[in-house]
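The values are calculated or read from the model by the stated rules, or taken from the named source; none is laboratory data. Nothing here was measured: the structure is a model prediction, and the numbers come from that model. Backbone-built Cβ (ideal geometry, glycine too); neighbour counts: all protein chains shown.
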Amino acid sequence: MVPIGPVLGLLTAAVPTYVTPKMYKSRAVIEVKPQDSCGFYWSEADRIKSRNVLSKVIDNLDLPNQWGVVRETALEMLLAMVSSKEIKGGNVISIQASL
């Protein structure tokens with residue numbers, strides 16, 4: 001009976017590991033040339049998350065076919081996954097996508 005306990009414990013721990021969906025994160029840090037206002041970073045961050053830019057990403061990666069959704073749904077999903085923020089102390093924006 002003693003050997004069954006550890007084996008059962010390993011199986012119990014292994015099931016959630018294989019069943020839980022994998023989470024992927026990607027991050028890019030870019031340097032931008034400053035303009036005349038501190039709002040420049042947010043306008044650049046907003047531009048990165050704009051429908052126009054994300055539509056190009058959707059087309060280049062063929063996301064509607066990969067995800068099995070219509071284009072508008074792919075855009076909404078991508079908008080929910082992408083975040084951008086200014087890194088203080090420099091002319092740098094961090095862009096992160098979590099899937």
Seminar exercise, completed: Listed by first then second residue, the pairs whose first member lies in the range 75-99 and is farther than 15 Å from residue 47 by Cα, whose partner is assigned to a strand (DSSP E or B) and basic (Lys, Arg), with beta carbons under 9 Å and at least 6 positions apart or on separate chains, are 97/25; 97/27; 98/25; 99/25
Seminar exercise, completed: Among helices (runs of 4 or more DSSP H) completely within the range 8-99, the ones holding 1 or more residues that are under 18 Å from the mean Cα position of the chain (by Cα) and modelled with pLDDT under 80 are 40-48
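Please go through the range 58-76 and give me each residue that is surrounded by 15 or more Cβ atoms within 10 Å (Cβ to Cβ) and hydrophobic (A, V, I, L, M, F, W, C), ordered by number. Working first, answer last.
Taking the range 58-76 first, the residues surrounded by 15 or more Cβ atoms within 10 Å (Cβ to Cβ) are 58, 63-64, 74-75.
Answer for the range 58-76, where residues must be surrounded by 15 or more Cβ atoms within 10 Å (Cβ to Cβ) and hydrophobic (A, V, I, L, M, F, W, C): 58, 63, 74, 75.
Have a look at 80, 97 and point out the one that is loosely packed, with under 13 Cβ neighbours inside 10 Å and of a type in the set (A, V, I, L, M, F, W, C).
Details: 97 fails: loosely packed, with under 13 Cβ neighbours inside 10 Å.
Only one candidate passes the filter, namely 80.
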Seminar exercise, completed: Pairing a residue in the range 43-65 that is more than 19 Å from residue 32 (Cβ to Cβ) and touching a residue at least 60 places away in the same chain (Cβ under 8 Å) with any residue that is among the acidic types (Asp, Glu) and surrounded by fewer than 17 Cβ atoms within 10 Å (Cβ to Cβ), where Cβ atoms lie under 8 Å and the two sit 6 or more apart in sequence or on different chains, gives none
